[in-house]
Amino acid sequence: MIHKLIKYLELLTCIPGYIASGLIVPLVVATCYEVFSRYVLGNSTIWAYEFGYLLMGFHFLLGGALTLKKQSHIRIDIFYNKMKQKTQSIVDLTLYVFFIIPCLSILSLRLLQHAQNSFLSGETTGQSAWNPLIWPMHSIIFISFFILFLQVVAECLKAIISIKENKEKI
């Protein structure tokens, strides 16, 4: 049962990461178009800079949960790598439960409120002549932190299984 829940959570949290990896293509196209337009045609765009940093933000944020699943975040492992697997799982579970989950819970709630306020007020970026609505970016930020929260829950479950069964994490 727990293994199925972990699999479902990881499916839910990793799909946005894989989708986000595809955002590199329109980012490169937009950047190349801006360079061509500016230096060859002598006419820069009003949208490419803002489009580029929004896509890069989406790419970076949506990949967080996938990065956690693959254990690819930077970790200072001077002591961690010398620990037994069970001890590592206890350390992970403790940090997740007492630090990461509370922080992500509060942050996700506040980001949801911020996205709602941004939508209701019609807030725009104010960074260029294009000046798009900013609530989609705020919504992506909320979604990114929420799916990271779900992946942390999956990591907690994997740590619990590792502690109980005294074997490598899933």
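The table below lists the values:
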read-out	value
Globularity ratio of the stretch 1-156, using Cα Rg and 2.2 N^0.38 Å	1.29
Whole-Hz ³J(HN,Hα) from phi, Karplus 6.51 cos²θ - 1.76 cosθ + 1.60, for the stretch 88-100, glycine and proline x	4, 5, 5, 4, 4, 4, 4, 5, 4, 6, 8, 10, 6
Cβ-placed point charges (K, R +1; D, E -1), dipole of the stretch 61-170 about Cα centre in debye, nearest 20	500
Selected from Phe142, Val28, Ile100, residue furthest toward positive end of dipole (the chain; charges at beta carbon)	Ile100
Charge dipole (debye, nearest 20) of the stretch 6-81; +1 at Cβ of Lys and Arg, -1 at Cβ of Asp and Glu	200
Selection from Gln116, Ile76, Val40, by position along the positive dipole direction of the stretch 1-156 (Cβ)	Ile76
Highest to lowest packing among 95-106, 130-141, scored as the average C-beta count within 10 Å	130-141, 95-106
Calculated log₁₀ intensity ratio I(q)/I(0) where the Debye formula runs over C-alpha points of the stretch 96-170, q = 0.12, 0.17 Å⁻¹	-0.47, -0.70
Estimated inter-spin distance, Cys103 and Ala129, nm [label 7 Å along Cα→Cβ]	4.2
Rounded to 10°, Cα long-axis angle of helix 24-39 versus longest principal axis of the chain	30
Alpha-carbon centroid distance for the pair the stretch 1-68 / the stretch 93-142, whole angstrom	17
Structure-based [θ]222 nm, the chain - -39500 (n - 2.57) summed over DSSP H runs of at least 4, per residue, nearest 500	-23500 deg cm²/dmol
Helix 2-21 axis, angle to the chain major axis (alpha carbon atoms, nearest 10°)	20
Rounded accessible area per residue of the stretch 1-152, 1.4 Å, Å²	65
Quotient of C-alpha Rg and 2.2 N^0.38 Å, computed over the stretch 1-76	1.53
Potential extension, Ser21-Ile161 segment - 0.36 nm per residue separation minus Cα distance	47.4 nm
Degrees between helix 135-165 axis and first principal axis of the chain (Cα, 0 to 90, nearest 10)	20
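The values are calculated or read from the model by the stated rules, or taken from the named source; none is laboratory data. Here the structure is a predicted model, which means the values were calculated and not measured. Glycine gets a Cβ as well: all are built from the backbone with ideal geometry, and neighbour counts include every protein chain shown. Only protein heavy atoms, including side chains, enter the accessible area calculation; ligands, DNA and RNA are left aside. Shrake-Rupley method; radii C 1.70, N 1.55, O 1.52, S 1.80 Å.
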